[in-house]
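Rule-based calculations on the coordinates, nothing more; no lab input. Every value quoted in this text rests on a predicted model; they were computed, and no experiment measured them. Neighbour counts are summed over all protein chains in view; Cβ atoms, including those assigned to glycine, are modelled from backbone coordinates with ideal geometry.
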Amino acid sequence: MTTGGIRRAQLISPFGVGSMHVLVGGSSVVTAGLDHWFDGENVDLHDYRIDEWRLEKRLGVRHFRLPPDYRTSSGRGLQEPNLRLTVPGLRFPRWSFCPYCKRLHEHPLALQGRARCADPKHEGKGNQGPVLAQVPFVIACEEGHLADFPWREWVHRSLRPSCRGVMRLTSGGGGSLSGQRVSCDGCKASRPLTGITNTARDSSGESSTILTQSLAGGEETYDCAGWKPWLGDHSEPCGRPLRATLRGASNVYFPLVESSIYLPQKQTAPEDLMQILRKPQFSMLGVLREVGELTPAAVRKTDAFGLLERYEDDEIQAAVDDLFVPVSDQDFSLDDTSQTEWRRPEYALLRDAIVDNDLTVTAPTSDFDPILAEAFSRVRLIETLRETRALWGFTRLNSGGLKLREGKARLWRNMPSVATEWLPAYEVRGEGIYLELDESRLAAWEARPEVLERASLISRRYGAVVAARGLAERELGPRLVLMHTIAHLLINQLIFECGYSSASLRERLYVAGAPSPMAGVLIYTAAGDSEGTMGGLVRMGQPGNLERVWDAAIAAAEWCSTDPICMEAGEGGQGPDSCNLAACHACALLPETSCEEFNRFLDRGLVIGSLQNPSVGYFSASSAP
């Protein structure tokens, strides 16, 4: 293993289990599985435990845990828990090359420190050879497996090469794979890396890759053996085609993260008692719940300061029921419940006033000007909220299409029992603004033929992506594109008006058609620190401020700095997977961490109209009610 620092939130995304990243010292590592995240002699898991009843139900776990942070002793001479906990990182790829003589070296996953070249050519030039650089290529398959590039097999064109000579990786310049060449000093074999990243078809017409089909030539194919370096030297039968990719490429790792806005459960106990049981000294309650001993008597035993003496047993029982017993029998399972239905309870609460420590929703203090009142039928200020984000799996090469149990299995070498199952997560506490469109006006607009035709351009392009990658189909109507684009325009303007960093705000869409329509968007602070949590975003949602933000956002949308190219050429498709129309980095795109759809399904034309049809936009002058 090697050492380095990383933020805890990054261990959920983008550097979760199975991902590769480069530490400060220059070593590329793969984040190890969850089996050894909390190894230590004196570990108190209460410091890391997160309870979120809806998300636990959705992901089928007992609780969540914050990634461990590294702590040193306070020097008080006490038996302090949770000292020097680390998240293991294994050096990967294992192959490195010398920047001078180009010799390839293979090292174990657990190598610590810098690797140096042992080639005799460097003798007499110092006590140690040059520091090696890890190779830029790895191989992966669509089942999530990952391995070192087969240098020896590739250069010798054999699945079982007998030559064990020294290999070298050289570059002929030009930056293309044809200029990269691996050679063997022993048998003088040499071969360029041409085509190693390309897909192909096998003899039966099935999808395959150049690497799998032509590594050895002939009838033998080089198939995946199910390597899992993030779990140590572990593999399982696979047989899928393999594709080479740059280790820093975006398709090497797609983290699967599910998030939930905390919704308070129905409360029957006194509020002051609820506040007491939420204190850190009562964190053992979650453990008592798991072992089935969450009785008033057991709760009283955890009370070291006599805080519960004035409460009756029935009040304590009601309080623990409020904290831990779900009020809804709805099946929130990730595999069985759509994202739309999963968010519907959030939508229902965000529309009305509510006061809770973890979710406070209020109405604006006065009426908005007509310019905003006509645009949005409902505005709510989210003064406090708590969002939990949990990592439940990952994919490679293609995103999506993974079942929950399969995703969780990729995080573990030995899956825990159902009674002790957990996933890594972290919490974000912040604030936000909720906005909703008028349903009757929206329904009339989205039924217009020219609106449906424009939205279908995006739907057809995404349909081609679904067919090519085997993804799940989804409905992409005008309503979703409109709400998504509005969210981006507002976030970009709020960043400008308020001074938030470009990645500190996020969107959360609540969109559904008949028979149970939704048309809302939540814009909220996404940073895990203090930025944006001091009321700035809520203040911008008050009358007198939000009108100015909205007016400026619409004005900016009417003309992009790259128009007419963005508006006209964009109708041919642009952006990720060509799934945007009039939307580019100069007008409507956000950092990918802020966008739920990876900057897809955006179009200013459906907001303010296109050059050919100015009335097609929801907020076009000729479309106003």
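Normalised by residue count, the range 110-191 yields a Cα convex hull volume of 157 Å³ per residue.
Would you tally the net charge around MET540, using a Cβ to Cβ cut-off of less than 11 Å, leaving MET540 out, and scoring K and R as +1, D and E as -1? Could the numbers behind the result be given before it?
On the way: positive: ARG539, ARG548; negative: GLU431, GLU497, GLU547.
Within the 11 Å Cβ shell, the charges total -1.
Of the listed peptides 178-190, 545-557, what is their order by residue-averaged count of other C-beta atoms within 10 Å, with the highest listed first?
Numbers: 178-190: 15.7, 545-557: 18.5.
Per-residue mean Cβ counts within 10 Å order the peptides as 545-557, 178-190.
Roughly how far apart, in whole Å, are the Cα centres of the range 292-362 and the range 3-54? Cα centres, the range 292-362 to the range 3-54: 28 Å. In whole percents, the pair-distance distribution calculated for the range 540-625 from its alpha-carbon pairs, binned every 5 Å from zero, is 3, 15, 22, 22, 20, 12, 5, 1. May I ask for the net charge around SER171, where only other residues with Cβ less than 9 Å from the Cβ of SER171 are counted and Lys, Arg are +1 while Asp, Glu are -1? Around SER171, the charge tally is +2. The gain in end-to-end length when the THR365 to ARG448 segment is fully stretched comes to 26.3 nm, 0.36 nm per residue minus the alpha carbon separation.
Dividing the alpha-carbon radius of gyration of the range 407-541 by the rule-of-thumb value 2.2 N^0.38 Å gives 1.36.
Semi-axes of the equivalent ellipsoid for the range 255-407, computed as √(5λ) from the eigenvalues of its C-alpha gyration tensor and ordered from largest down, come to 33, 27, 13 Å.
Tell me, in nm to one decimal, what length is gained between ALA304 and THR199 on full extension, where the rule is 0.36 nm per residue of separation less the Cα-Cα distance? The span from ALA304 to THR199 would gain 31.4 nm if fully extended.
Principal axis extents of the C-alpha atoms in the range 206-323 (largest first, rounded to whole Å): 82, 27, 25.
Tell me, rounded to the nearest percent, the portion of alpha carbon pairs in the range 570-615 spaced more than 18 Å apart.
Values: 247 of 1035 pairs.
Tail of the P(r) past 18 Å holds 24 percent of the pairs.
Legend: Rg and Dmax of the range 437-623, from Cα coordinates, 16.1, 48 Å. State the label only: which of (1) 29; (2) 25; (3) 19 corresponds to percent of Cα pairs over 45 Å apart computed from the shown model? So the calculated entry is the one marked (1). Under the simplified labelling scheme, the LYS121-ASP336 pair shows an inter-label distance of 6.3 nm, with each label point 7 Å from Cα along Cα→Cβ.
Which order do the peptides 294-303, 52-61 come out in when sorted by mean C-beta neighbours inside 10 angstrom, highest first?
Working: 294-303: 15.6, 52-61: 21.5.
Ranked by mean Cβ neighbours within 10 Å, highest first: 52-61, 294-303.
Let me see the pair-distance distribution of the range 66-118: every alpha carbon pair, 10 Å bin width, integer percents in order. Calculated P(r), rounded to whole percents: 20, 30, 21, 19, 10, 1. Take the Cβ-Cβ distance between ASP313 and ARG7 as r, set R0 to 41 Å, and report the resulting FRET efficiency rounded to the nearest 0.05. After rounding, the FRET efficiency stands at 0.40.
I'd like to verify something in the chain: which complete DSSP H helices, judged by Cα projection on the helix axis, reach 27 Å or more and average at least -1.0 on the Kyte-Doolittle scale?
Numbers: long enough: 449-469 (30 Å, 0.10); 478-498 (29 Å, 1.05).
Membrane-span-like by this criterion, though nothing is claimed about a membrane: 449-469, 478-498.
The per residue volume of the convex hull around the alpha-carbon atoms of the range 266-324 is 72 Å³.
Each peptide in 577-585, 600-608 was scored by the mean count of other Cβ atoms within 10 Å over its residues; highest first, the order is 600-608, 577-585.
Can you tell me how the range 21-148 classifies by the Cα gyration tensor, rounded, prolate or oblate, using a/c under 1.5 as the rounded cut? Please report the intermediate quantities before stating the final value.
Numbers: a/c = 4.25, a/b = 1.70, b/c = 2.50.
Oblate, because a/c is 1.5 or more while a/b does not exceed b/c.
Simple spin-label estimate for ARG413 and PHE598 gives 3.0 nm between the two label positions (7 Å along the Cα-to-Cβ direction from each Cα).
Using the structure shown, select from LYS57/LYS301; LYS57/LYS403; LYS228/LYS408; LYS57/LYS228 the pairs with a Cα to Cα distance greater than 19 angstrom.
Details: LYS57/LYS301 28 Å; LYS57/LYS403 15 Å; LYS228/LYS408 14 Å; LYS57/LYS228 28 Å.
Beyond 19 Å between Cα atoms: LYS57/LYS301; LYS57/LYS228.
Compared with the direct C-alpha span, the chain from GLN79 to ASN251 gains 57.4 nm at full extension, assuming 0.36 nm per residue.
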